[in-house]
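Q: Below is the structure I would like to discuss, written out as structure tokens.
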Amino acid sequence: MGTPFENYDELIKFFPDESFVRRKVDRLKAIAPDIQMLRQLQILDLGCGSEDSKDAFIEDVKIFSPWYCRLAHAAGADVLGIDIADNRGEDFRSERRDLLQPGSLDDLPSESFDAVNNDGFTVSDESFYVGLAGQSPTALRMALRQCSLWKRLNILDHSMEIAQEQLQKINQRIRNDVSRLLRDGGLYSNMELIYRKIDGGLVLQKERLI
């Protein structure tokens, strides 16, 4: 059976009318412009968020709920959400894993996903936010709000050189995992950037997300 929703506008009506929900819908549109395409996709969401998620910088913790997975599931996609926090009770498939740990994704079959979403667990070196973080302490805090990994590493208590070295190692490991898990032609949405897997590698696309 297909999704009961004819388009994304209908999907949005079943969820809170919030900017962060509409932003997640935009991420789904990037991998499936037609909502009917979603039910054919197997999607992995890294650092999907949870009702248990908390943030020292942002009071409205609702934005850290697993909206991407909820929306994708409601639209008919086969989505797996992975987070260090608990998502039992959600309708979508979820697993608790600590993505900071090497090998945390090793048991997932290679080339088993059509799309991978990473909306702030790690940030690519090519991202706007990486450049922003190096400009000033205020700018770093702005970037931290966008990246859960940076917060977990307590970067504000480290020198930028040490923090950057940690980030690069983890970012590269996650990219390697994504390259293995994506089917050829699959899409990887990492913050505002979109990559397509071509000949085994992740190739940056011209399109940008907000």
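The values are calculated or read from the model by the stated rules, or taken from the named source; none is laboratory data. Owing to the predicted nature of the structure, the values given are computational and were not obtained by experimental measurement. Because the Cβ atoms are built from the backbone with ideal geometry, glycine has one as well, and the counts that use them run over all protein chains shown.
Q: What pairs come up if the first residue lies in the range 156-174 and is modelled with pLDDT under 70, the second is not acidic (Asp, Glu), and their beta carbons are under 6 Å apart, counting only those six or more places apart or on different chains?
A: Cβ pairs passing all conditions: ALA163/ILE155.
Q: Could you give me the residue pairs with C-beta distances under 6 Å whose first residue belongs to the range 100-114 and is under 19 Å from GLN40 (Cα atoms) and touching a residue at least 24 places away in the same chain (Cβ under 8 Å), whose second residue is surrounded by 10 or more Cβ atoms within 10 Å (Cβ to Cβ) and of a type in the set (Gly, Ala, Ser) wherever it lies, and which are 6+ apart or on separate chains?
A: Going by the 6 Å Cβ cut-off, the qualifying pairs are ASP114/GLY186.
Q: Among helices (runs of 4 or more DSSP H) lying entirely in the range 1-67, which contain 2 or more residues that are at pLDDT 90 or above and closer than 25 Å to LYS206 by Cα?
A: Qualifying helices (runs of 4 or more DSSP H): 19-31, 35-38.
Q: Right, something else. List every residue pair whose Cβ atoms lie under 7 Å apart, where the two residues are 6 or more positions apart in sequence or sit on different chains, the first residue falls within the range 18-36 and is within 18 Å of MET191 (Cβ to Cβ) and in contact (Cβ under 8 Å) with a residue 12 or more places away in the chain, and the second residue, located anywhere, is part of a helix (DSSP H, G or I) and aromatic (Phe, Trp, Tyr).
A: That search, which allows pairs on different chains as well, returns PHE20/TRP67; VAL21/TRP67; LYS24/TRP67; LYS24/TYR68; VAL25/TYR8; ARG27/TYR68; LYS29/TYR8.
Q: Return the only residue of LEU108, LEU80 being aliphatic (A, V, I, L, M), assigned to a loop (DSSP other than H, G, I, E, B) and modelled with pLDDT of 80 or more.
A: Result: LEU108 is the single residue among LEU108, LEU80 that is aliphatic (A, V, I, L, M), assigned to a loop (DSSP other than H, G, I, E, B) and modelled with pLDDT of 80 or more.
Q: What are the residues in the range 175-208 that are under 15 Å from the mean Cα position of the chain (by Cα), assigned to a helix (DSSP H, G or I) and touching a residue at least 60 places away in the same chain (Cβ under 8 Å), if any?
A: Matches in the range 175-208: ASP177, VAL178, LEU181.
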